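The values are calculated or read from the model by the stated rules, or taken from the named source; none is laboratory data. In this text the structure is predicted, and so the values were computed from the model without any measurement. A quick note on method: Cβ atoms are made from the backbone with ideal geometry, for glycine too, and the neighbour counts reach across all protein chains shown.
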Amino acid sequence: MMETSRNKIEKKVVKSFRGEFFFANDFKKYGTPENIRLTLFRMENDGLIERLAHGIYIKPKKDPVLGIIYPSIEEIAKEIAKRDKARIAPTGILASYLLGLTTQIPLKAVYLTDGSQREVKIGNRSIKFKRTVPKSFAIKDELLHLIVQAFKEKEQKNMTEEFLDTIKTSVKKVDKQIIDSQLKYAPVWIQKEINKLYQS
């Protein structure tokens, strides 16, 4: 039984493409939680998969020069959301980083979610999913959402010409139709700032 479940798990991983994610739960039909854990542990030791966090693995991409290429925190967060059938949206310093407003890579990536609230440790970094209300996802355009979150992170009292000049490039990339239909879901003070930048 142990050998059979192990063979099935190994076969599934071997047939997958490099860069594919696996969750321990993906294999629950192949054996007991203990058998699955042991098989994944052995496969990790054999270099077939890499463990990213508790219960999360990847069949790693390999570069002849760079070696193993690990996925970004954003890719991992999206895979967790896909598994949980949840929506997520970057917030805080992560939104500013993704817009290129800061070069500081956040050690804690914070996402709003309509799924479970939790924190996932990835090495010395972590992904925090903060449960929020559905209206937080009213802005469906990814770029506009990041811009609004960057304004929230900066806060109205800390607005500077430097910040407005830097974020203006991103604002100008948003389609006018999106501004007209989705900006109304942002706080009023952010609507005013974005409209001024968009029309300037």
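Across segment 155-179, which residue is nearest to residue 198 (Cα to Cα) among those that are part of a helix (DSSP H, G or I) and β-branched (Val, Ile, Thr)? Talk me through it step by step, then tell me what you get.
Going residue by residue through segment 155-179, those that are part of a helix (DSSP H, G or I) are 156-158, 161-173, 176-179.
Next, only the ones that are β-branched (Val, Ile, Thr) stay: 166-167, 169, 171, 178-179.
Values: 166: 13, 167: 11, 169: 9, 171: 6, 178: 12, 179: 9 Å.
Checked segment 155-179; the qualifying residue nearest to residue 198 (Cα to Cα) is 171.
Of the conditions (1) within 15 Å of residue 13 (Cα to Cα); (2) exposed (fewer than 15 other Cβ atoms within 10 Å of the Cβ); (3) β-branched (Val, Ile, Thr), residue 49 satisfies every one except a single condition; which number is it?
(2)
Which one of these is modelled with pLDDT under 90 and closer than 24 Å to residue 167 by Cα: 103, 91?
103
Conditions first: (1) more than 27 Å from residue 80 (Cα to Cα); (2) in a loop (DSSP other than H, G, I, E, B). Residue 195 passes all but one, so which condition is the exception?
Unmet condition: (2).
Looking only at helices (runs of 4 or more DSSP H) that fall completely inside segment 29-106, which ones have 2 or more residues that are more than 18 Å from residue 130 (Cβ to Cβ) and over 17 Å from the mean Cα position of the chain (by Cα)?
33-45
Tell me which residues, restricted to segment 101-122, are in contact (Cβ under 8 Å) with a residue 12 or more places away in the chain and not aliphatic (A, V, I, L, M).
If the condition is that a residue be in contact (Cβ under 8 Å) with a residue 12 or more places away in the chain and not aliphatic (A, V, I, L, M), then 106, 108, 111, 113, 114, 115, 116, 117, 121 are the ones that fit.
May I ask you to say which residue of 181, 136, 170 is under 28 Å from residue 85 (Cα atoms) and either touching a residue at least 40 places away in the same chain (Cβ under 8 Å) or in the same structural domain as residue 99 (by TED's automatic domain parsing) (or both)?
Result: 136 is the single residue among 181, 136, 170 that is under 28 Å from residue 85 (Cα atoms) and either touching a residue at least 40 places away in the same chain (Cβ under 8 Å) or in the same structural domain as residue 99 (by TED's automatic domain parsing) (or both).
Quick check on segment 44-68: of everything there that is of a type in the set (Val, Ile, Thr) and without any contact (Cβ under 8 Å) to a residue 40 or more places away in the chain, which residue is nearest to residue 23 (Cα to Cα)?
That would be 58.
Could you please let me know if residue 5 is under 24 Å from residue 125 (Cβ atoms) and not β-branched (Val, Ile, Thr)?
No: the conditions fail for residue 5.
Conditions (1) among the basic types (Lys, Arg); (2) surrounded by 13 or more Cβ atoms within 10 Å (Cβ to Cβ); (3) closer than 14 Å to residue 191 by Cα, marked per residue:
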{"residue": "118", "(1), (2), (3)": "yes, yes, no"}
{"residue": "125", "(1), (2), (3)": "yes, yes, no"}
{"residue": "128", "(1), (2), (3)": "yes, yes, no"}
{"residue": "132", "(1), (2), (3)": "no, yes, no"}
{"residue": "139", "(1), (2), (3)": "no, yes, yes"}
{"residue": "146", "(1), (2), (3)": "no, yes, yes"}
{"residue": "150", "(1), (2), (3)": "no, yes, yes"}
{"residue": "153", "(1), (2), (3)": "no, yes, no"}
{"residue": "157", "(1), (2), (3)": "yes, no, no"}
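Scan segment 180-191 for residues that are in a helix (DSSP H, G or I), out of contact with any Phe, Trp or Tyr (no Cβ under 6 Å at 6 or more places or on another chain) and surrounded by 12 or more Cβ atoms within 10 Å (Cβ to Cβ) and jot them down.
Residues satisfying the conditions are 181, 182, 183, 185, 189, 191.
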